[in-house]
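Contents: one structure, followed by commentary.
The values are calculated or read from the model by the stated rules, or taken from the named source; none is laboratory data. Here the structure is a predicted model, which is why all the values come from computation and not from measurement. Every residue, glycine as well, gets a Cβ built from its backbone with ideal geometry; the counts of neighbours run over all protein chains shown. Heavy atoms of the whole protein, side chains included, go into the accessibility calculation; ligands, DNA and RNA do not. Shrake-Rupley method; radii C 1.70, N 1.55, O 1.52, S 1.80 Å.
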Amino acid sequence: MGNVIVTGSNRGIGKAVLEKFAVNGWNIWAHGRARNEEFEDYISGIASENHIWIRPVYFELGDDRQIKSGMKRIFDDKEEIHVLVNNAGMGYYDTFQRTPVRKARELFDINFFAPYEIIQLTLRKMVLQKKGAVINMSSIASLDVNEGDCVYGASKAALNMLTRDLAAEVGRFGIRVNAVAPGPVRTDLLENIHLKRIAPHVMEEKSAMGRMGRAEEIANVVYFLATEESSYINGEVIRIDGGRK
Amino acid sequence: MNNKEKYVKAFVEALNVGEESVEQLKYQSVEEWDSVGHMSLIAALEEAFDIMMDTDDIIELDSFEKGMSILSENYEIEF
Ligand SMILES: NC(=O)c1ccc[n+]([C@@H]2O[C@H](COP(=O)([O-])OP(=O)(O)OC[C@H]3O[C@@H](n4cnc5c(N)ncnc54)[C@H](OP(=O)(O)O)[C@@H]3O)[C@@H](O)[C@H]2O)c1
């Protein structure tokens with residue numbers, strides 16, 4: 001048990017990650033984009049149920065200054081930071097020729113440069129502690145070929161390489177860096193981007209298990225990578241997709 | 001502890017070097033201050049002065065002396 005930062009924890013996979021850490025007795029800095037009372041009520045409920053603290057932290061990932069001031073607020077708590085889960089991200093689907101560079105930059109800002117900056121800041125604490133774990137939320141779109149996933153896939157593939165190379169740099173400080181690459185999980189992101197153009201069964205049929213993943217199934221692996229149970233796993237990108245066919 | 005003492009202490013502890021040698025130190029002039037030692041040093045300085053350094057400053061901090069001028073010019077730390 002320890003202290004963890006989870007970005008994008010107000011819904012979807014991030015919320016399942018937050019719950020997984022909470023029920024296991026971890027203290028949490030719960031990041032969201034903007035202040036949200038319903039979310040604050042929710043986290044104060046699970047914090048008291050599990051005898052932990054959960055502190056909301058809000059910042060927009062596309063804004064460098066907001067990232068810095070948000071992280072400073074976390075550092076001002078003067079607690080150790082044992083784990084960072086870079087979950088927040090944005091989805092996108094369109095062909096290359098229909099994707100302006102401006103859009104590609106936005107995706108890279110949110111899916112790559114924001115976690116980049118958050119990791120860079122957090123590592124300075126972890127280096128002093130001589131321990132820590134970073135878990136990045138990638139996607140199977142970074143590993144498999146799919147028409148329409150050029151830019152989203154590339155932004156997550158960049159995150160994969162950051163994960164692998166960074167692990168090589170910071171392993172000597174007792175810090176592990178890993179990523180998980182989920183297949184489709186039925187969240188708002190999937191509903192808004194993919195399920196508007198294709199039927200769920202088309203996605204389900206691509207999985208060897210004939211179904212989509214559940215957010216909890218992703219959270220379980222994230223949690224495993226955060227704990228000593230995975231103490232010799234480093235620099236990996238782990239698929240969680242039920243097997244593809 | 002005054003700021004200069006804190007500054008020296010960060011070097012001594014992060015780089016594992018003797019107090020008497022810190023003033024002459026330059027990045028990569030000793031084995032201890034390599035790219036890995038640099039990360040520990042920045043972390044120690046941030047902790048000691050309760051600041052968050054910009055990446056540009058981190059790259060520019062390449063000697064004991066330069067570090068003092070960066071901290072005083074950009075982070076209002078007086079020596
Ligand atoms: N669902 C899938 O099938 C799937 C598959 C593979 C990988 N993933 C990855 O899993 C992660 C979570 O996805 P999800 O499906 O749970 O998505 P989601 O339901 O859309 O949630 C995304 C989370 O990220 C936050 N976020 C997005 N853009 C942000 C920004 N610019 N600034 C601050 N916060 C921002 C959102 O905050 P708001 O609530 O304020 O928008 C929300 O908390 C993402 O990195 C995604 O790429 C998802």
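Before moving on, here are some points about what is shown:
- Amide H contacts under 5 Å for residue B:63, placed H, 5+ residues apart: B:27
- Local electrostatic count at residue A:36 - Lys and Arg +1, Asp and Glu -1, tallied over other residues with Cβ under 15 Å: -1
- Couplings 3J(HN,Hα) for the range A:86-92, derived from phi with the Karplus relation 6.51 cos²θ - 1.76 cosθ + 1.60 (θ = phi - 60°), are 8, 9, 4, x, 10, x, 6 Hz, where x marks Gly and Pro.
- Taken about its Cα centre, the protein assembly as shown carries a charge dipole of about 1460 debye when Lys and Arg each add +1 at the Cβ and Asp and Glu each add -1 at the Cβ.
- Under the combined filter of DSSP loop state and at most 10 neighbouring Cβ atoms within 10 Å, the range A:25-90 retains these trypsin sites (Lys or Arg not before Pro): A:35, A:78.
- More than 38 angstrom apart: percent of Cα pairs within the protein assembly as shown: 20
- Chain A: angle of helix A:64-76 to the longest principal axis, Cα-based, in degrees nearest 10: 40
- Helix A:12-23 axis, angle to chain A major axis (alpha carbon atoms, nearest 10°): 30
- Cut-off under 5 Å, modelled amide H: who pairs with residue A:90 long-range: A:111
- 5 angstrom amide H check on residue A:29, placed H, neighbours 5+ away: A:4, A:5, A:6, A:55
- Neighbour net charge for residue A:8 - beta-carbon separation under 12 angstrom, K R +1, D E -1: +1
- Förster radius 45 Å - calculated FRET efficiency between residue B:24 and residue A:208 (Cβ-Cβ, nearest 0.05): 0.10
- Distance from the alpha carbon centroid of the range A:1-22 to that of the range A:143-167 works out to 23 angstrom.
- Ordered from highest to lowest accessible area with the whole protein assembly present and a 1.4 Å probe, A:217, A:106, A:147 read as A:147, A:106, A:217.
- In degrees, nearest ten, helix A:114-129 long axis to first principal axis of chain A (Cα): 30
- Using Cβ point charges alone (K and R +1, D and E -1), the dipole size of the range A:100-245 about the Cα centre works out to roughly 220 debye.
- Exposure ranking of A:244, A:102 by accessible area [1.4 Å probe, largest first]: A:102, A:244
- Label point distance in nm, residue A:53-residue A:191, each placed 7 Å from Cα along Cα→Cβ: 3.4
- Averaging the Cα positions of each part gives two centres, and for the range A:57-79 and the range B:1-36 these lie 29 Å apart.
- Net +/- balance of residues flanking residue B:29 in space, Cβ distance below 14 Å, scoring K and R +1, D and E -1: -4
- Among A:29, A:83, A:62 - extreme Cα towards positive end, dipole of the range A:14-114, charges at beta-carbon: A:62
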